[in-house]
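What follows is a single structure, written as structure tokens, with notes after it.
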Amino acid sequence: HCDELVEPAWHARIAERGAVLSFDTFGSETYFDRSFAQEPRDTDRIECVIRLLEKGYGAQLMLAHDICTRTQFHRYGGWGWDHLLRNIVPRLRHAGVSQEELDTIFIETPRRLLTLQGD
């Protein structure tokens, strides 16, 4: 959940070390009454992703949503399972992210990570 913090410099330092960053809470913009804390908005997450793409870290990014409560389903007023493809990808395209970059994030990087062979 590296997207729980909007810290572009911190994200870049992690990427510099070769790690894959998972921005995996898209659609979650919860406000916590008792602590007055709020999760980052999707707009913040998109800005962080674009900054990392501009620095050449596209092959080290994965995007997802963390659907773990009933209220996140369409039926109960949430964004639903299709949020990334229906809402986030068009916003990334509008911001200038290329189809090649999207394919790297959504196809190539997951394929690479899911087929890693252990020693």
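At-a-glance table
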{"read-out": "Residue ID - farthest from the chain's Cα centre (by Cα), chosen from residues in the stretch 66-89 that are more than 27 Å from residue 101 (Cα to Cα) and among the aromatic types (Phe, Trp, Tyr)", "value": "76"}
{"read-out": "Single condition residue 118 does not satisfy, out of (1) surrounded by fewer than 17 Cβ atoms within 10 Å (Cβ to Cβ); (2) at pLDDT 95 or above", "value": "(2)"}
{"read-out": "Check on residue 108, farther than 18 Å from residue 10 by Cβ and either out of contact with any helix residue (DSSP H, G or I) (no Cβ under 8 Å at 6 or more places or on another chain) or surrounded by 13 or more Cβ atoms within 10 Å (Cβ to Cβ) (or both)", "value": "yes"}
{"read-out": "Residues of the stretch 95-111 classified as more than 13 Å from the chain's Cα centre (by Cα) and of a type in the set (Phe, Trp, Tyr), total", "value": "0"}
{"read-out": "Of all residues in the stretch 23-65 being of a type in the set (S, T, N, Q) and either over 23 Å from residue 111 (Cβ atoms) or at pLDDT below 95 (or both), the one that is farthest from the chain's Cα centre (by Cα)", "value": "35"}
{"read-out": "Selection status of residue 70, basic (Lys, Arg), over 21 Å from residue 43 (Cβ atoms) and at pLDDT 95 or above", "value": "no"}
{"read-out": "Any hit, the stretch 98-105, residues being touching a residue at least 24 places away in the same chain (Cβ under 8 Å) and more than 16 Å from residue 24 (Cβ to Cβ)", "value": "yes"}
{"read-out": "Set 114, 92: member being over 15 Å from the mean Cα position of the chain (by Cα) and among the aliphatic types (A, V, I, L, M)", "value": "114"}
{"read-out": "Restricting the stretch 1-22 to residues that are surrounded by fewer than 14 Cβ atoms within 10 Å (Cβ to Cβ) and small (Gly, Ala, Ser), the residue that is modelled with the lowest pLDDT", "value": "9"}
{"read-out": "Residues satisfying the stated conditions in the stretch 56-109, i.e. over 20 Å from residue 1 (Cβ atoms) and among the polar types (S, T, N, Q)", "value": "98, 99, 104"}
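The values are calculated or read from the model by the stated rules, or taken from the named source; none is laboratory data. Given the structure is predicted, the values throughout are model-derived calculations rather than measurements. Cβ atoms come from the backbone with ideal geometry, glycine included; neighbour counts cover every protein chain shown.
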